[in-house]
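S.K.: My questions all concern the structure below.
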Amino acid sequence: MSERDTRNAAADGRGGGTRPTADEGSSTPEAERGATRAWHALDVDEVLNGLASAHEGLSAAEAERRLERYGHNKLPRKQQASWWQRLLDQFNNILIIILLIAGAISVALGAFVDAGAIFGVVLINAAIGYLQEGRAEKALQSIRGMLSPRATVRRQGQRRGIPAAEVVPGDIVIVESGDRVPADLRLVALSSLRTQEAALSGESTPVDKSTAPVMADTDLAERHCMAYAGTLVAQGRGEGVVVATGAATEIGHISRMIGEVEQVQTPLLRQLDRFGKRLAVIILMLAAAMAAFGVFVHGQNWEQMFFAAVGLAVAAIPQGLPAVISVTLALGVQAMARRNAIIRRLPAVETLGCISAIFTDKTGTLTRNEMTVTAIVLANRSIEVRGVGYAPEGSFRAGDDALDEPASEPVLRRCLEAGVLCNEATVSMDGQESWRVHGDPTEGALIVVAAKAGLDAEAVRRRHRRLDVMPFESERKYMVTLDRMDDGSLMVHAKGAPDVLLEMCDRVRAEDGYDELNREDWHERIDKLSSAGLRVLALAEKPGKEGVALGAPEQTGGFALLGIMGLIDPPREDAARAVESCRKAGIRTKMVTGDHARTASAIAETLGLTQGRQVVTGKELEGMEDAELRQRVQEVDVFARASPEHKLRLVMSVQAGGMVCAMTGDGVNDAPALRRADVGVAMGINGTEASKEAAEMVLADDNFATIVSAVEEGRKVYDNIKKTVAFLLPTNGGESLAILVAVLSGATLPITPLQILWVNMVTAVTLGLALAFEPGEADVMRRPPRDPDAPILDLFLIWRVLFVSALLVVSVYGVFLWALASGTDISAARSAAVNTLVVGEIVYLLSIRRLTGRSLSFDGLFGSRPALIAIALVVLVQMAWTYIPSLQLLFGSAFLTANDWIIIGVIGLAIFLALEVEKSLWRYFSRAI
Ligand code: ATP
């Protein structure tokens, strides 16, 4: 279906596939009337009728039909630059422009071979840049697809999570705080719903929503009964019927893309770009000065000096560097995605290597988030619940006695029923054998425990109907519902963090009415469950009053405690290993959890967190001055009962102490902390859209160990970039020195400018790219994090560039002079010099695979397939260059004898050994320091 059809169909209210569609596509009066239909001006029932939908939502079959008819709920992609535009872009480069001018001058001078070679190089260079850019772009593209948002809909009365692209007109969509509204909705029910509509109107203050219709001509921003696609739910919860999807939505009209992977330059790329431009200017001036020197001092002719200057410019400018680094970064992003870490902002790849502290959530990140109720404590007794997983099978025991009919125990039953009513989750059979929770696993566990007692959640919810709800929020730490019980009475149910709920209770439910609440006793019971690493929930109830809203202040007191439940949530298998790996890599792992201090501390200890026993709670944190917190945050690794705003302070405190930190988060209110952290990490499965958009990285599996894998990849990427820089710069240095020395001394050029063009072209596509694929050194996770302020060209690298440049130029000259001295002609001497340069680059490539480590080992020499392939290619191409007559004619190369090759080989070996000696001296001195 075309975009226009979608827009019309959804806008005119013909969304119902069940309605006759005789007017489809025609301009009958009915369709015209429909097109002006304003959903915001209609009653809820009219809207539902108009879209042939209902509060229970569509059936699966109807949804499928509509999907076929209206198409996917996606915005049209932004127009991409076409291939020829991107190819032309490659010529927008100072070096290429200089080469083109040089080519044109060569033509004017009648030097057609040189001109042909220069134009050939320009074209090949552009092609390489184009292909490499395409490769980087493709890598990022594949990752973009991994971030597709999801939506919660109600279909046939069942809550379901589906890809947002499958939402259709007429669907009932449920949105909660942190969600991005997936399509244009006419709200049908809500509780304290506020949305932030900056994506649409630019206005960032959240807007209160209601279900009441407004006037038809009301402005978009004032249509409070609508929630538009692309806006964010800042607070509360709402349900709406979809009135438009995809391009038919309001955001579709203005066609602004949101939530995409952002493609920005990284600081490193920018740094290199600037460096490259400055270098180009310096080199051009140097080349001009050199040419003038040759002409005026040594009396060389202008034409020759012109080509020498072009040769110097080509030799000295590391034109391949930015492209190779983009590819290295893109490959890093891809490697991270394979390990479940999806990068949203490219600079994060670099920053990950500098991380010195990771703040992580507990539930679901360090633990599996597979909750099972194992203990229930009521006023008069403690009950143990057995049975694993989400299957409704298990048993209840009180001490040594088995409870055969747990549902017949009045207080236990009340407690279990409250857990089911004050709950948004459902549990269903997934396929044939496994049970699945839809919604929050903590809530799923309460459904499962009730089912183990023989209470069917659906039946309980049908008997006692919900009238209102205040959903769970991390700041509040509890949830409340107002329910009409089957006897007609009103009842308020609450469940939440026990310490918070206890404050709202003034009595406790007993078999025969109510008992007095002994807070100390209950705190002891809570501590006991928490110390065993259990997450504890309390359940409470009180009679409701007609006409009093749930949010009213008097609703926060007067509850009767029903009981508390302890839930196990086992740590993830790989979490302890990841924590240990961080410790070795000089990274502090710090747990920030909303859970109870004892639970947090018990889990921290099982995971081996360094300071697992010491805990700072959110309340204590609030009482601390900045300076005190800055100090405490260095000493303590567990922060419990923490809220999102505490996360922001924690991030700022470690940053003030000079650390670079990652922070995880999933809720809408975590966004500021994620933005502030050096690397904000959002949860792919349980995270809200708001948190994902604020984050630099999204974990596809919500797993802490994935962050550590990403750090490892980040360190590798940086190493590879450093190696690439260390590899390419001396190559340029050696070549340009060779020309410079020859011209300044008035000697014959050992390598002609054309030959330099050739070497650069050949090595840029092969050797230069090999390092991007390096698998990483064995000690990447055994050294401390990199200093973020250290420049990439540090002292070591500057030394290395100079040292290798010198080695290459000495070797090239050595071979050239030796060849001339032994009576060979100039072409053969130059061929030997060119091949020496290439062999020198080959051995340097093998050596640089270990920046300072030993390369003289089987793995050091043969451990990288890309390097071996690149070397094999270069050898082949050089053979062709040396022996094929047409290439000899073009490049002035000549036949080399076996003897020449032996000399070249020995020199290569000498370069390799010199590098090994340099590295071992470096290792010796850096250890000594
Ligand atoms: P984190 O994910 O940050 O490690 P958390 O998931 O344990 O921590 P929150 O979700 O903020 O943190 O939960 C805080 C407390 O609120 C929990 O210890 C629990 O007692 C209570 N709680 C958690 N989920 C619910 C819920 N759905 N309904 C009511 N109370 C809840």
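S.K.: Once you charge only the Cβ atoms, +1 for Lys and Arg and -1 for Asp and Glu, what is the size of the charge dipole of the chain about its Cα centre, to the nearest 20 debye? Working shown, then result.
M.R.: Details: 95 positive and 111 negative charges, 558 e Å.
About 2680 debye.
S.K.: Given a 1.4 Å probe and heavy atoms of the protein chains only, how would you sort 907, 358, 568, 101, largest accessible area at the top? If you can, show how the numbers build up before the last one.
M.R.: Values: 907 40, 358 0, 568 70, 101 95 Å².
Result of the area sort, largest leading: 101, 568, 907, 358.
S.K.: A follow-up question, please. Go ahead and estimate [θ] at 222 nm for the chain from helices alone: -39,500 (n - 2.57) per DSSP H run with n ≥ 4, summed, over the residue count, rounded to 500. Write down the numbers at each step before the final one.
M.R.: Numbers: 34 runs with 456 residues, N = 929.
Theoretical 222 nm ellipticity from helices: -15500 deg cm²/dmol.
S.K.: Under a plain spin-label model, where a point goes 7 Å from the Cα along Cα-to-Cβ, how far apart in nm are residue 519 and residue 584?
M.R.: So the label points at residue 519 and residue 584 sit 4.9 nm apart.
S.K.: If you don't mind, there's one more thing I want to ask. Charges only on Cβ, +1 for Lys and Arg, -1 for Asp and Glu: so what's the dipole of the stretch 343-416 about the Cα centre, in debye to the nearest 20? Intermediate results must be reported in sequence, preceding the final value.
M.R.: Numbers: 9 positive and 10 negative charges, 90 e Å.
It comes to approximately 440 debye.
S.K.: Which value, in Å², gives the accessible area per residue of the stretch 372-568 when a 1.4 Å probe is used on the protein heavy atoms? Mind showing how you got there, number by number?
M.R.: Details: 8530 Å² over 197 residues.
Per-residue value: 43 Å².
S.K.: As I understand it, the dipole of the chain uses +1 on the Cβ of Lys and Arg and -1 on the Cβ of Asp and Glu, about the Cα centre. Which of 508, 737, 103 lies farthest toward its positive end?
M.R.: 737
S.K.: What is the extension gain from residue 158 to residue 476, computed as 0.36 nm multiplied by their sequence separation minus the C-alpha to C-alpha distance, in nm to one decimal? Mind dumping the intermediate values first?
M.R.: Working: separation 318, 0.36 × 318 = 114.48 nm, distance 2.73 nm.
Going from the current span to full extension adds 111.8 nm.
S.K.: For residue 888, what charge total do you get from the other residues with a beta carbon under 14 Å from its beta carbon, if Lys and Arg give +1 and Asp and Glu give -1?
M.R.: Details: positive: 830; negative: 825.
Net charge around residue 888: 0.
S.K.: May I pose another question? Run the simple label-point estimate for residue 745 and residue 631 please: 7 Å along Cα→C-beta, distance reported in nm.
M.R.: Taking the two extended label points, one gets 6.5 nm.
S.K.: Let me ask something additional. What does the accessible area per residue of the stretch 103-236 come to in Å², with a 1.4 Å probe and no ligands, DNA or RNA counted? Spell out each step's value before the answer.
M.R.: Values: 5440 Å² over 134 residues.
Heavy-atom SASA per residue in the stretch 103-236 reads 41 Å².
S.K.: So, counting K/R as plus one and D/E as minus one, what does the shell of residues with Cβ under 9 Å around residue 689 add up to? Don't jump to the answer; show the numbers that get you there.
M.R.: On the way: positive: 150, 180, 692; negative: 179, 693.
Taking every Cβ under 9 Å from that of residue 689, the sum is +1.
S.K.: Taking the Cα centre of the stretch 372-568 as origin, work out the dipole magnitude from +1 charges on Lys and Arg Cβ and -1 charges on Asp and Glu Cβ, in debye rounded to 20. Walk me through the numbers on the way to the answer.
M.R.: Values: 24 positive and 35 negative charges, 69 e Å.
The dipole of the stretch 372-568 has a size of about 340 debye.
S.K.: Separate question: Could you work out how far apart the two model spin labels at residue 796 and residue 872 are, taking each label as a point 7 Å from the Cα in the direction of the beta carbon, and quote it in nm?
M.R.: 3.2 nm
S.K.: In Å², what does the accessible area per residue of the stretch 616-729 work out to with a 1.4 Å probe? Could the numbers behind the result be given before it?
M.R.: Working: 3320 Å² over 114 residues.
With all protein chains present, the stretch 616-729 gives 29 Å² per residue.
S.K.: Then there is this: Any chance you could run the full-extension gain for residue 511 through residue 381? It's 0.36 nm times the residue separation minus the Cα-Cα distance, nm to one decimal. Provide the component values of the computation, followed by the final result.
M.R.: Values: separation 130, 0.36 × 130 = 46.80 nm, distance 1.09 nm.
Taking residue 511 through residue 381 to full extension adds about 45.7 nm, to one decimal.
S.K.: Can you give the angle from 0 to 90° between the axis of helix 60-70 and the longest principal axis of the chain, with both taken from C-alpha atoms, to the nearest 10?
M.R.: 50 degrees
S.K.: Could you let me know the centre-to-centre spacing of the stretch 706-749 and the stretch 629-691, using Cα atoms, in angstrom?
M.R.: With the stretch 706-749 and the stretch 629-691 each reduced to a Cα centre, they are spaced 38 Å.
S.K.: Compute the signed sum of charges (Lys and Arg +1, Asp and Glu -1) over the other residues within less than 14 Å, Cβ to Cβ, of residue 585.
M.R.: On the way: positive: 577, 583, 584, 588, 715, 716, 782, 783, 786; negative: 580, 712, 713, 719, 777, 779.
Net charge in that neighbourhood comes out at +3.
S.K.: I'd like to know which of 348, 686, 211 lies farthest towards the positive end of the charge dipole of the chain, counting +1 on Cβ of Lys and Arg and -1 on Cβ of Asp and Glu.
M.R.: It is 348.
S.K.: Take peptides 790-797, 630-637 and line them up by average Cβ neighbours within 10 Å, highest first, as a rough protection proxy.
M.R.: Top to bottom by mean Cβ count within 10 Å: 630-637, 790-797.
S.K.: So, with a 1.4 angstrom probe, what is the percent of accessible area on the chain that is carbon and sulfur? Let's see the in-between values first.
M.R.: On the way: 21840 of 38940 Å².
That share works out to 56 percent.
S.K.: In what sequence, highest mean first, do 711-719, 219-227 appear when ranked by Cβ atoms within 10 angstrom?
M.R.: Working: 711-719: 24.1, 219-227: 18.1.
The most tightly packed comes first, giving 711-719, 219-227.
S.K.: Something else: For the peptides 273-285, 597-609, what is the packing order when you average, over each peptide's residues, the other Cβ atoms within 10 Å and list the highest mean first?
M.R.: 597-609, 273-285
S.K.: If you line up the long axis of helix 519-531 against the longest principal axis of the chain, both from Cα atoms, how many degrees apart are they, to the nearest 10?
M.R.: Helix 519-531 and the main axis of the chain meet at about 40 degrees.
S.K.: Of 131, 812, 898, which is farthest towards the positive pole of the chain's charge dipole, taken about the Cα centre with +1 and -1 on the beta-carbons of Lys, Arg and Asp, Glu respectively?
M.R.: Positive-most Cα among the choices belongs to 898.
S.K.: Working from Cα positions, state the angle (0 to 90°, nearest 10) between the long axis of helix 267-298 and the longest principal axis of the chain.
M.R.: Roughly 10 degrees between the two axes.
S.K.: Take every Cα pair under 8 Å in the chain that's 6+ residues apart, average their separations, divide by the length, and report that relative contact order as a whole percent. It would help to have the intermediate numbers written out before the result.
M.R.: On the way: 1778 pairs, mean separation 103.2, N = 929.
RCO, the chain: 11 percent.
S.K.: From largest accessible area down, sort 39, 302, 901; use a 1.4 Å probe on the protein chains. Don't skip to the answer; put the middle values down first.
M.R.: Values: 39 15, 302 155, 901 65 Å².
From most exposed to least exposed: 302, 901, 39.
S.K.: Can you flag which of 545/647; 477/716; 452/545; 362/545; 477/545; 138/277 are past 29 Å Cα-Cα? Walk me through the intermediate numbers first.
M.R.: Details: 545/647 38 Å; 477/716 41 Å; 452/545 32 Å; 362/545 38 Å; 477/545 23 Å; 138/277 27 Å.
Pairs exceeding the cut-off: 545/647; 477/716; 452/545; 362/545.
The values are calculated or read from the model by the stated rules, or taken from the named source; none is laboratory data. Owing to the predicted nature of the structure, the values given are computational and were not obtained by experimental measurement. Heads up, the Cβs are rebuilt from the backbone with ideal geometry, glycines too, and the neighbour counts pull from every protein chain shown. Only protein heavy atoms, including side chains, enter the accessible area calculation; ligands, DNA and RNA are left aside. Shrake-Rupley method; radii C 1.70, N 1.55, O 1.52, S 1.80 Å.
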